[in-house]
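In what follows, a single structure is set out as structure tokens and then discussed.
The values are calculated or read from the model by the stated rules, or taken from the named source; none is laboratory data. Fair warning: this is a prediction, and the values are worked out from it, not measured in the lab. Cβ sites come from the backbone with ideal geometry, for glycine too, and all protein chains shown count toward neighbours. Surface areas here come from the heavy atoms of the whole protein model, side chains and all, with no ligands, DNA or RNA. Shrake-Rupley method; radii C 1.70, N 1.55, O 1.52, S 1.80 Å.
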Amino acid sequence: MEWNLIFFVNSILLGAGLAMDAFSVSLTNGLNESRMKKSRMCFIAGIYAFFQFAMPMIGWVCIHTIVELFSKFDKLIPWIALVLLVYIGGKMIWESFHGESETDNEKTKKLTFSVLMIQGIATSIDALSVGFTIADYGLLMAFTASLIIAAVTFLICMAGLVVGKKAGAHLGSKATLFGGIILVGIGIEIFVKSLFF
């Protein structure tokens, strides 16, 4: 593979495709925290961007070292994403019906660091397979492609958070229910897609 315009365009398009799940989760997070500060938005988008960078690189390393083990693990990826997203989304749906009325401060505490980590892994785990796509790249090209994917993810997630914040302010208490349904839907979509493609 050569350094050319096609390489950069492919990396950008790959980043946009991979970031769609992270966009939907960002939208959900924005719905839940309609008063989220810009610094927190950057932090959340940064977590998703980090995982979208790390997963293709991990996949690339696995392809160049432990190919057999990685190809067996590849079959588990949709199951892992399904379990993580259905768990988080189901918990949000349950809380929307059984939670007590909360202040804005208590709502902000819902999205903990551990939940963000789980979301980051769940929405980017399919990017491990990108290791196959960029397997013919050298280390520097794979690293650059992963950086481009991360940058695209960051921008797309920031857009999701902004849209979610605006919608969350209008949806009020129904935002948690709506967000939970979105997360469960994403988990099912990743799993079903893996059965047919």
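Calculate one ³J(HN,Hα) per residue across the range 51-61 by plugging θ = phi - 60° into the Karplus curve 6.51 cos²θ - 1.76 cosθ + 1.60, and present them in order as whole Hz with x for glycine and proline.
Ordered by residue, 3J(HN,Hα) equals 5, 5, 6, 5, 4, x, 5, 4, x, 4, 4 Hz.
Do any of LYS72/LYS165; LYS91/LYS166; LYS75/LYS165; LYS38/LYS91 go past 32 Å between their Cα atoms, and which?
Cα-Cα > 32 Å for LYS72/LYS165; LYS75/LYS165; rest within.
Sort out for me the Cα centre separation of the range 132-153 from the range 21-59, rounded to whole Å.
That distance is 19 Å.
If you take the beta carbon distance between TRP3 and VAL115 as r and set R0 to 22 Å, what does 1/(1 + (r/R0)^6) give as a FRET efficiency, to the nearest 0.05?
0.05
Once a ≥ b ≥ c are taken as the square roots of the eigenvalues of the Cα gyration tensor of the range 47-89, is the result rounded (a/c under 1.5), prolate (a/b larger than b/c) or oblate (a/b not larger than b/c)?
oblate
Between [x] 17.2; [y] 17.7; [z] 18.6, which entry matches Kirkwood radius over Cα pairs in Å as derived from the coordinates of this structure?
Correct label is [x].
Ignoring everything except DSSP H segments at least 4 long, calculate the 222 nm mean residue ellipticity for the chain; use -39,500 (n - 2.57) per segment, divide by total residues, nearest 500.
-27500 deg cm²/dmol
For a protection proxy built on the mean count of beta-carbon atoms within 10 angstrom, sort 121-127, 164-170, 33-39, 154-160 highest first, please.
121-127, 154-160, 164-170, 33-39
Of all the accessible heavy-atom surface of the chain, with the other protein chains kept in place and a 1.4 Å probe, what percent is carbon and sulfur?
Percent of accessible area from carbon and sulfur atoms in the chain: 71.
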